[in-house]
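I have placed the structure first, in the form of C-alpha cells, so that the comments after it can refer back to it.
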Ligand code: GLN
C-alpha cells in the first residue's frame, strides 16, 4: 500500500477497494508510530483530517471525484490552512492559527484531497538541513543521524518514510530539490509565477515558489495539475491557460538535447555523487538523448548574489512580525521600542536574525548601490547564461546537491558551508526557471552507509511537461524511485 503511486491509490478509491477514511487512518497510524522520532510533522489534527477524508468519500460516492480526491497529502507548515496552527518553523508564529487558506491549500481542498498535517521546516524556510526549526530537527529516514536537507525537510522525510502519499514544499534557493535529493524522492520547483504565493508565508518574494514532492514524476505531474493556475490575489501569479502536466508522459526521448554545464561537474562535487550523476546521463544517452556540452559561466556568482538578494527581501518581509498585529510578544517590556526589540529578539532564531541583519545592511543608504543593485545586475547575467544555454539544448542535467546527506550538527556552526549546499540549485531561482530533482542512485558516505543521490533536471520557462516526461522516461528504466529506507514498516 505505502509504495503505491497516486494513480494506483486513486484507482483503489474509485473501485471502493479502500475508502479515503481507511487510507487516511493508515497514514495516521504510521505517523503515530514514526513521527515521534522522525519529527516530520509539526502539527497534526486527526479530527480535521478524518473529517476531510469523510467528505472525500462523499465526493467519491457522488461521482464528483478527480485524480487527487481522497488522497492524503502532507502540507509544508509555510502554507496558511484555515483553523490550523501555522508556524513556518518559528517560535514567532507558535500561537498563530491561520484564519484563511493559502491559494495552494484551497486548490487541494477544492479537489477533495486530505490534509494529513503540517510539516516541519527550517525557520521561515531559511536553511538546508532543517536544523533551524524551532520545533526540533528532522531525521533523514535513510540514516537517522543525518539531516533530511532543507528547508522542506519535514515534507521530504514524510514522503521518504511513507508518512503521506505526497507532499508540498517551497523552493526559494533549492528547498524542494535539495531535500528531495538527500531523501531519495522526486521534487519540482515550477517556473516562477505558476503556483500561487497567496497565503504562503513570504521569505524572498521574487524567488519563492511552491511545488510537489512525491515518489515519482508521474505523481508530481498529477500534483502540478492541482497546484498551478492563476490567482489574482498574488500579483506575480501568471495568467496562463491551464495545462495538463501528464500530457507528455510516455513520449520517446529520441533527439532530446541534454546540456551538461561544465561548471556543475567541477571542484566541490563529491566523487560518489559525480559517479551516480554520470551513470544517469549514460541512461539518457541510451534513451536516445543527444548530449551537448554547455557553460553557465556565472554559476559561481549565484551564491553571493542570492545571499544579498534573499536576505534583503526577507528583512523587508519579516518586518511585519512586530508583536503587535500577530506573532510572539514579549511578556515584559519598558516602552514600545523595547517591546519591538524584545519580541523580535525572543521570537526569531539565530539564522533568521543573521539574514535580517545582512538584508538591512545591504539595503541601507550608502550600501544599496554597492551590494543590492550590483546583485540585481548579476542576477540578470545569470538569467542570460540560461537563455544562451537553452539555444543549444532542451533540458539541462547535473547534480542537485554537491554531497549526500550530512550528519546533524556537521555544518550547523558554519553558515557558509551550509550555503554551499545550494550551489547547483540557486541559479534556477534567480532566473525564475523550473528545476527538478529525481532519485538517481546511492553513494557511500564516509562510514560506508549508502545514501540517496539526486539528479537535477533544469528546463526552460514553462517546460515542466517536457521535464516531467524526461524524468518519467528515466523512471521507467530504473527503480531508484521505488527504493525505501529500512526500518519504516
Ligand atoms: N538553503 C537556502 C536558504 O537557506 C534556500 C532555502 C529555500 O529554498 N527556502 O536560503
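Every number in this text was worked out from the coordinates using simple rules, so none of it is lab data. This structure is a prediction, so every number in the text was calculated from the model and none was measured. For neighbour counting, all protein chains shown are included, and Cβ atoms are generated from backbone atoms with ideal geometry for every residue, glycine included.
Quick notes on this structure:
- Label point distance in nm, residue 64-residue 446, each placed 7 Å from Cα along Cα→Cβ: 5.7 nm
- Order by protection proxy (mean Cβ within 10 Å, highest first), peptides 331-338, 423-430, 182-189: 182-189, 423-430, 331-338
- Extension gain, residue 381-residue 483: 0.36 nm per intervening residue step, less the Cα-Cα distance, totals 32.8 nm.
- Three-way shape call for the chain based on the alpha-carbon gyration tensor, with the a/c threshold at 1.5: rounded
- Estimated FRET transfer efficiency when R0 is 35 angstrom, pair residue 476-residue 95 (beta carbons, to 0.05): 0.15
- Modelled FRET efficiency - R0 22 Å, residue 82 with residue 46, Cβ distances, 0.05 increments: 0.85
- The chain - mean residue ellipticity at 222 nm from DSSP helices (-39,500 (n - 2.57) per run, n ≥ 4, rounded to 500): -11500 deg cm²/dmol
- Shape call, segment 235-318: gyration tensor on alpha carbons, a/c limit 1.5: oblate
- Here the label points at residue 334 and residue 370, each 7 Å from Cα along the C-beta direction, are separated by 3.3 nm in the simple model.
- Theoretical FRET efficiency, 1/(1+(r/R0)^6), r = Cβ-Cβ of residue 325 and residue 238, R0 35 Å, to 0.05: 0.70
- Stretched out straight at 0.36 nm per residue, the stretch from residue 37 to residue 1 would grow longer than its current Cα-Cα span by 10.7 nm.
- Cα gyration tensor category, rounded, prolate or oblate, for segment 319-397 with a/c compared to 1.5: prolate
- Within segment 252-281, backbone nitrogen closer than 14 Å to the virtual label 7 Å beyond the Cα of residue 293 toward Cβ: 259-266
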